[in-house]
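Participant: One structure, as structure tokens, below. Some questions next.
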Protein chains: 2
Amino acid sequence: MSDNYRSMWASLGLDLEAHDVLLDVLGKAYQDIYLTQKKRPEGMGYFDFVMSEVHGLRIKELLDEKAAGRKVIGSYCVFVPEEIVLAANATLVGLCSGADFATEDVEKLLPRNTCALIKSSFGFKLGKVCPYLESADMIVGENTCDGKKKAYESFKDLVGNLYVMDLPQVKSEMGKALLRSEYNRFKAAVEVLTGVPVTADSLKTAIRTVNAKRAAIHRLSSLRKADPVPISGLDALLANQVFFYDNPARFTESVNKICDELEKRIHDKLGVFPEKTPRILVSGCPQAVPNWKLPMIVETVGAVIVAEESCVGERGTRNLTDDTGETVDEMMDAIVDRYFQVDCAIFTPNPDRLNHIRDMAADYKVDGVIHYGLQFCQPYLVEAIPVETALEKENIPCLRIETDYSMEDVGQLKTRVEAFVEQLR
Amino acid sequence: MSDNYRSMWASLGLDLEAHDVLLDVLGKAYQDIYLTQKKRPEGMGYFDFVMSEVHGLRIKELLDEKAAGRKVIGSYCVFVPEEIVLAANATLVGLCSGADFATEDVEKLLPRNTCALIKSSFGFKLGKVCPYLESADMIVGENTCDGKKKAYESFKDLVGNLYVMDLPQVKSEMGKALLRSEYNRFKAAVEVLTGVPVTADSLKTAIRTVNAKRAAIHRLSSLRKADPVPISGLDALLANQVFFYDNPARFTESVNKICDELEKRIHDKLGVFPEKTPRILVSGCPQAVPNWKLPMIVETVGAVIVAEESCVGERGTRNLTDDTGETVDEMMDAIVDRYFQVDCAIFTPNPDRLNHIRDMAADYKVDGVIHYGLQFCQPYLVEAIPVETALEKENIPCLRIETDYSMEDVGQLKTRVEAFVEQLR
């Protein structure tokens, strides 16, 4: 895609040479991991196109929106409510954080013992290779984990337009009041940025747009309950990843289209893997583009991923927002109600997450759970141990892995995952 | 001390054999590190005695108090307000977290990549070697860092009587309201435990008791501004550590007594090290008994520690509580005001801490700052980098170290500290 967009990238201040390297690696990885899969649904053609244009056409669309006076807001977390952003006539995009970049420079600003996701967000900025970040009129950070919370203090100096949202640590009344107050503050900040006040009408429309997107991806998820499963874990993860980048209406339409195809496959008993292939639930840290390491390993050793309990997966996309409110206030309450249910490991205690994993394991007829932890991600790594203990008590096999974005441990992981899958047969 | 107390320890459920090993190691370390120091103030005799009886006489005192109907509350953090505990007729003690113990068992419950302090608190419980923990009627955890916050979820099952206090992450109005609400909730819980309601009188007395203790240790700190410095960093750290264990009134008296002696030393120009010895400020993570590794290293390579910007040091002890309130409510507000100033790295942003380090560096005529970070302590390790950058811009040399409780890196640290001190001369 690079030829048509070089001047656009240059105008965003990207380092064209470094960016070429990134696109090259990304393209090769996509070719090797995605395009070599067999029996892919035809509807994945849309996502292949999106990925081939992820730094191209989509950025051009955002810049066209900006030229027409619309603002772009970038985020790193599912706690940033897209409903509010859309209602104030802005576009929300997820920011790059799925690959190592400029690591040497990053480690001048962050401890080496920082999780790969946080380091990556710094790397894409320092390496000048994230066109989403450079297109954003406002970048939203949030006080989730210690790593992100403290890292944003330095990130602020790198980007200049960082807005930090505070979040509760406990699901108490005070916690909910804090979330409400922070969403109000965010609404006001977005309104100032866009000059467009959020109205009851615009908020209702925005809630419906986001609900439709969540309902579509939830429909896709649900179809993975079938055996044989009609779509690979890799492809389903990709749809969940594109959720954060794409135009919401087009995304909804494209996901629903592939769902129609998957329903036909289920009816015809057509799967991407044979019936009785060991079924895996992946639970834990988010997997951002192009972090496809774990599903690539799992699905090349004879198992299939049928669900993701993750921010890039059901943790982030389940639960719709009540759209019956009449006033902005009522709908803001509904938004708070919806997001307050997100069972991120930053909350203490966090029993909903274990319950959700249990439910998903049953619903998706899972043979085993792989707990995916990013090294140095304390909330998920600490929580992984009681989660594993609880699941094993209920005879749900669990494998805890801890990794980063490098490819150095692929061989070792493959051996461990292979042995785990073997015991599930 | 062990012979007289064996039945007491057995009654607390300690593992006597493991506890003997601990006391043996502790005693030898104290002998080697503390008792070999030269020109120690006579007043340190009191602290030597306290340390020799830290698991003996002090525990007997606590058990005598308990027999007389008083409750003992244990804590791991300077955010737990002793004023409220004393006002409800209970005793607050710091709980053991300064040494590795039962590491293999600990790592079944916590990730290996957890800081030594958190692992230690689990180790003392699993190894059954902390008489303070076993004497406590209530153990207070707090949502400070991710590591502690998530670890308490498992710790709860080990101890049975854990109370968890939520804390804000931002010094906003909402943050202060949360602290106020949590201190109210804590007061109510302590009142239920003791059956003694907090009154205006008892709270005023408690505030004054704790203020006197803080004023005494602050007086001790201030005397270290002299050159030659009249007390070693090791001895001053010990007094700061005993702050968490001792009877408050007796502690205050003993510290004031040693201060009288130090004033005389200053008048006579008597120091523990020669004049012009390089003066170090240690800033960062808390150093709990018997974590004397860093000061031992610093003070054997020809420098002296003149101040600690730490929870076991000025961060924890500075700022008195306004005692002029007439009602419980007014004094609770004053307590919140006082604790809300604690500049722990869990807060974001946390500019007060850097300002405090700057002020201390000037006040104590510091030649260099050593930032002490516990490995995997994300809040302090992330904050260390901008702190170092800011200090070096102001020509205050800074050395960032990252370590744990093991002795394996002593040689390596010594080399680094020695080189740092050399450049300060």
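The values are calculated or read from the model by the stated rules, or taken from the named source; none is laboratory data. Computed from a prediction, not measured in an experiment: that's the story for all the values here. We place every Cβ from the backbone using ideal geometry, glycine too, and count neighbours over all the protein chains shown. Calculation scope for accessible area: heavy atoms of the full protein, side chains included, ligands and nucleic acids excluded. Shrake-Rupley method; radii C 1.70, N 1.55, O 1.52, S 1.80 Å.
Participant: Sort out which residues of segment B:333-350 are more than 13 Å from chain A (Cβ to nearest Cβ) and either assigned to a helix (DSSP H, G or I) or free of Cβ contacts under 8 Å to residues at least 24 places away in the same chain (or both), and write them in order of number.
Facilitator: Those that are more than 13 Å from chain A (Cβ to nearest Cβ) and either assigned to a helix (DSSP H, G or I) or free of Cβ contacts under 8 Å to residues at least 24 places away in the same chain (or both): B:Asp333, B:Ala334, B:Ile335, B:Val336, B:Asp337, B:Arg338, B:Tyr339, B:Gln341.
Participant: A follow-up question, please. Does segment A:13-53 hold any residues that are outside any helix (DSSP H, G or I) and closer than 16 Å to A:Trp292 by Cα, and which are they?
Facilitator: Scanning segment A:13-53 gives A:Tyr34, A:Leu35, A:Thr36, A:Gln37.
Participant: If we keep just the residues of segment A:93-122 that are acidic (Asp, Glu) and more than 19 Å from the chain's Cα centre (by Cα), which is farthest from A:Glu53 (Cα to Cα)?
Facilitator: It comes out as A:Glu107.
Participant: Checking the condition at positive phi, touching a helix residue (DSSP H, G or I) at 6+ places or on another chain (Cβ under 8 Å), open to solvent by less than 10 Å² (accessible area, probe 1.4 Å) and touching a residue at least 12 places away in the same chain (Cβ under 8 Å), which residue from B:Gly313, B:Gly302 passes?
Facilitator: Working: B:Gly302 fails: open to solvent by less than 10 Å² (accessible area, probe 1.4 Å).
Residue meeting the stated conditions: B:Gly313.
Participant: One residue is enough: does segment B:113-120 have a residue meeting the conditions more than 14 Å from chain A (Cβ to nearest Cβ) and not β-branched (Val, Ile, Thr)?
Facilitator: Among the residues of segment B:113-120, at least one is more than 14 Å from chain A (Cβ to nearest Cβ) and not β-branched (Val, Ile, Thr), which makes the answer yes.
Participant: In addition: So for segment B:141-158 (the condition being more than 10 Å from chain A (Cβ to nearest Cβ), in contact (Cβ under 8 Å) with a residue 40 or more places away in the chain, outside any helix (DSSP H, G or I) and within 29 Å of B:Leu178 (Cα to Cα)), does at least one residue qualify?
Facilitator: Yes: one or more hits.
The rows are residues; the columns are (1) of a type in the set (Gly, Ala, Ser); (2) within 19 Å of B:Val80 (Cβ to Cβ).
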{"residue": "B:Lys171", "(1), (2)": "no, yes"}
{"residue": "B:Asn211", "(1), (2)": "no, yes"}
{"residue": "B:Ser221", "(1), (2)": "yes, no"}
{"residue": "B:Asp227", "(1), (2)": "no, no"}
{"residue": "B:Ile231", "(1), (2)": "no, no"}
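Participant: I need a count of the residues in segment A:219-244 that are in a loop (DSSP other than H, G, I, E, B), open to solvent by 10 Å² or more (accessible area, probe 1.4 Å) and of a type in the set (Lys, Arg).
Facilitator: Residues meeting the conditions: 1.
Participant: Oh, and also: For residues in segment B:34-65 being in contact (Cβ under 8 Å) with a residue 24 or more places away in the chain and under 18 Å from B:Asp260 (Cβ atoms), which is farthest from the chain's Cα centre (by Cα)?
Facilitator: Once the filter is applied, the top-ranked residue is B:Lys39.
Participant: Condition first: hydrophobic (A, V, I, L, M, F, W, C) and buried (at least 23 other Cβ atoms within 10 Å of the Cβ). Now tell me which residues in segment B:273-287 satisfy that.
Facilitator: The answer is B:Ile280, B:Leu281, B:Val282, B:Cys285.
Participant: Exactly one condition in (1) crowded, with 20+ Cβ neighbours inside 10 Å; (2) within 14 Å of chain B (Cβ to nearest Cβ) is false for A:Gly175; which is it?
Facilitator: (1)
Participant: Does B:Val387 count as touching a residue at least 40 places away in the same chain (Cβ under 8 Å), under 24 Å from B:Ala345 (Cα atoms) and assigned to a strand (DSSP E or B)?
Facilitator: No; evaluated as a whole, the condition is false for this residue.
Participant: Another one. Say whether the condition of being within 14 Å of another protein chain (Cβ to nearest Cβ), in contact with a helix residue (DSSP H, G or I) (Cβ under 8 Å, 6 or more places away or on another chain) and modelled with pLDDT of 95 or more is met by at least one residue in segment B:357-370.
Facilitator: no
Participant: For A:Leu110, which of the numbered conditions (1) hydrophobic (A, V, I, L, M, F, W, C); (2) more than 14 Å from chain B (Cβ to nearest Cβ); (3) open to solvent by less than 40 Å² (accessible area, probe 1.4 Å) fails to hold?
Facilitator: Every condition holds for A:Leu110 apart from (2).
Participant: Restricting the search to segment B:377-398, which residues are within 14 Å of chain A (Cβ to nearest Cβ) and either open to solvent by 30 Å² or more (accessible area, probe 1.4 Å) or touching a strand residue (DSSP E or B) at 6+ places or on another chain (Cβ under 6 Å) (or both)? Steps first, answer last, please.
Facilitator: Residues of segment B:377-398 that are within 14 Å of chain A (Cβ to nearest Cβ), as a first pass: B:377-390, B:392-393.
Across segment B:377-398, the qualifying residues are B:Tyr380, B:Leu381, B:Ala384, B:Pro386, B:Glu388, B:Thr389, B:Glu392, B:Lys393.
Participant: Something else now. What number of residues in segment B:266-323 are within 24 Å of the chain's Cα centre (by Cα), assigned to a loop (DSSP other than H, G, I, E, B) and of a type in the set (S, T, N, Q)?
Facilitator: The qualifying residues number 5.
Participant: Separate question: Among the candidates B:Ile346, B:Ile335, which residue alone is buried (at least 22 other Cβ atoms within 10 Å of the Cβ), under 30 Å from B:Thr205 (Cα atoms), at pLDDT 95 or above and touching a Ser or Thr at 6+ places or on another chain (Cβ under 8 Å)?
Facilitator: Residue meeting the stated conditions: B:Ile335.
Participant: Using the structure shown, decide if A:Arg353 is at pLDDT 95 or above, within 14 Å of chain B (Cβ to nearest Cβ) and in a helix (DSSP H, G or I).
Facilitator: So A:Arg353 passes the test.
Participant: Also: For the list (1) at the interface with chain A (Cβ under 9 Å from one of its Cβ atoms); (2) under 21 Å from the mean Cα position of the chain (by Cα); (3) assigned to a helix (DSSP H, G or I), I need the number of the one condition that B:Lys125 fails.
Facilitator: (1)
Participant: If only one of B:Phe79, B:Phe101 is open to solvent by 10 Å² or more (accessible area, probe 1.4 Å) and either touching a Ser or Thr at 6+ places or on another chain (Cβ under 8 Å) or at pLDDT 95 or above (or both), which one is it?
Facilitator: Values: B:Phe79 fails: open to solvent by 10 Å² or more (accessible area, probe 1.4 Å).
So the residue among B:Phe79, B:Phe101 that is open to solvent by 10 Å² or more (accessible area, probe 1.4 Å) and either touching a Ser or Thr at 6+ places or on another chain (Cβ under 8 Å) or at pLDDT 95 or above (or both) is B:Phe101.
Participant: I'm told B:Glu402 meets every condition in (1) within 14 Å of another protein chain (Cβ to nearest Cβ); (2) open to solvent by 50 Å² or more (accessible area, probe 1.4 Å); (3) in a loop (DSSP other than H, G, I, E, B) except one. Can you identify the failing condition by its number?
Facilitator: (3)
Participant: Here's a follow-up. Please go through (1) among the hydrophobic types (A, V, I, L, M, F, W, C); (2) in contact with a Leu (Cβ under 8 Å, 6 or more places away or on another chain); (3) open to solvent by less than 10 Å² (accessible area, probe 1.4 Å) for B:Met138 and return the number of the only condition it doesn't satisfy.
Facilitator: If we test B:Met138 against (1) among the hydrophobic types (A, V, I, L, M, F, W, C); (2) in contact with a Leu (Cβ under 8 Å, 6 or more places away or on another chain); (3) open to solvent by less than 10 Å² (accessible area, probe 1.4 Å), just (3) comes out false.
Participant: Let me ask another. Counting only residues that are of a type in the set (A, V, I, L, M) and without any contact (Cβ under 8 Å) to a residue 60 or more places away in the chain, how many does segment A:237-252 have?
Facilitator: 1
Participant: Taking A:Arg180, is it surrounded by fewer than 23 Cβ atoms within 10 Å (Cβ to Cβ) and part of a loop (DSSP other than H, G, I, E, B)?
Facilitator: Criteria not met by A:Arg180.
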